[in-house]
């Protein structure tokens, strides 16, 4: 019997090959017609400011198949507000979001479309669990490595929008997405888009 997840995978479409101006080609995956599959309201990322309803944000999730279910690891924001500051380098006033500190909330789904919180687990980046960074954990990617899963994301060492040289590679691991261990930062350079390759490619 085919699972709900496999049925939905068949509906995703094949994507298309796109020719770039450079002459190179890339593969562009079709978007799911019912996106977004997770909305802030689904996770109660809502609050009131001066009695005005506000809606938070949930996006940039890593994903993995785990025990025949889909685990999603999106960054989640709530309780922030819009502000302005003067950018000394550009000599202009710019907008930013104050208290825009992200957490990662693991979600789980049987069919890859309908998600709920996974045991109310939270990966925090606000200085609660360690002092390596305290302005949020963003954009976790999931890499299967033997019996474990590496979770590699961006640890913010300065407030979002305001600081240069603010992003560091943050590394976690888990076997079950419940007990999640933090291993530290790659501190020597500014980076938010890193992913290790756990197996050789073309023998290298």
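Test residue 70 against the stated conditions and say whether it is assigned to a loop (DSSP other than H, G, I, E, B) and in contact (Cβ under 8 Å) with a residue 12 or more places away in the chain. Considered against the rule, which asks whether it is assigned to a loop (DSSP other than H, G, I, E, B) and in contact (Cβ under 8 Å) with a residue 12 or more places away in the chain, residue 70 comes out as no. Strands (runs of 3 or more DSSP E) fully within region 97-188 that include at least 1 residues being exposed (fewer than 15 other Cβ atoms within 10 Å of the Cβ): 137-145, 148-156, 180-186. Within region 184-204, residues that are without any contact (Cβ under 8 Å) to a residue 40 or more places away in the chain and on the phi > 0 side of the Ramachandran plot have Cβ atoms under 9 Å from residues that are assigned to a loop (DSSP other than H, G, I, E, B) and surrounded by 12 or more Cβ atoms within 10 Å (Cβ to Cβ) in no pair, counting only partners at least 6 apart in sequence or on another chain. Residue pairs, Cβ under 7 Å, 6 or more apart or interchain, first in region 125-144 and at positive phi and in contact (Cβ under 8 Å) with a residue 40 or more places away in the chain, second in a loop (DSSP other than H, G, I, E, B) and buried (at least 17 other Cβ atoms within 10 Å of the Cβ). List them. Between residues of region 125-144 that are at positive phi and in contact (Cβ under 8 Å) with a residue 40 or more places away in the chain and residues that are in a loop (DSSP other than H, G, I, E, B) and buried (at least 17 other Cβ atoms within 10 Å of the Cβ), the close pairs are 136/101; 136/102; 136/125; 136/160. Scan region 14-52 for residues that are assigned to a loop (DSSP other than H, G, I, E, B) and in contact with a strand residue (DSSP E or B) (Cβ under 9 Å, 6 or more places away or on another chain) and jot them down. Passing the criteria: 15, 20, 29, 30, 36, 37, 38, 39, 45.
Residue under question is residue 60, and the condition is that it be under 26 Å from residue 149 (Cβ atoms) and in a strand (DSSP E or B); does it hold? For residue 60, the condition - under 26 Å from residue 149 (Cβ atoms) and in a strand (DSSP E or B) - is met.
Bear in mind that the values in this text are calculations on the coordinates, not laboratory data. Predicted model, so just to flag it, every value in this text is computed and none were measured. Neighbour counts are summed over all protein chains in view; Cβ atoms, including those assigned to glycine, are modelled from backbone coordinates with ideal geometry.
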